[in-house]
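These notes are about the structure you will find just below.
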Amino acid sequence: MKVKVKFFAILRERAGTGEITKEIREGSTVAELWEALQRDYSKLAPVDMRLLYAVNQAYVKADYVLKERDEVVFVPPVSGGS
């Protein structure tokens with residue numbers, strides 16, 4: 001099955017893209033997708049920050065089971081402000 005993946009901030013820089021379509025096996029979780037992406041994009045592998053995950057614009061946990069055509073967003077911690 002295919003899912004759409006979006007990267008933001010430092011993850012976009014490390015992946016070299018803001019959005020991809022990824023083929024995964026049926027029943028895959030967000031955590032399994034992240035592991036596959038780290039294998040595909042070696043610069044993501046050293047990311048040891050706590051990420052937020054959103055599927056179809058709703059925050060989910062890493063064990064969320066993905067479905068065909070889900071949109072998955074990986075969001076790194078945000079810093080800044082005044």
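The values are calculated or read from the model by the stated rules, or taken from the named source; none is laboratory data. Remember, predicted model here, so these are calculated numbers, not experimental data. Ideal geometry is used to build each Cβ from the backbone, glycine not excepted, and the neighbour counts take in all protein chains shown. Side chains are part of the model used for accessible areas, which takes the heavy atoms of the whole protein and leaves out ligands, DNA and RNA. Shrake-Rupley method; radii C 1.70, N 1.55, O 1.52, S 1.80 Å.
Using the empirical formula 2.2 N^0.38 Å as the baseline, the Cα radius of gyration of the chain reaches a ratio of 1.04. Close amide H pairs (under 5 Å, H built 1.01 Å from N) link VAL60 with TYR53, ALA54, VAL55, residues at least 5 positions away or on another chain. Rolling a 1.4 Å probe over the protein heavy atoms of the chain, with every protein chain left in place, gives an accessible area that is 48 percent carbon and sulfur.
Take the chain with all the other protein chains still there, run a 1.4 Å probe, and you get 65 Å² of accessible area per residue. In percent, rounded to a whole number, the relative contact order of the chain is 41, using alpha-carbon pairs under 8 Å and six or more apart.
Here region 1-17 is scanned for amide nitrogen atoms under 17 Å from the site 7 Å beyond the Cα of ALA45 along Cα-to-Cβ, giving 14-16.
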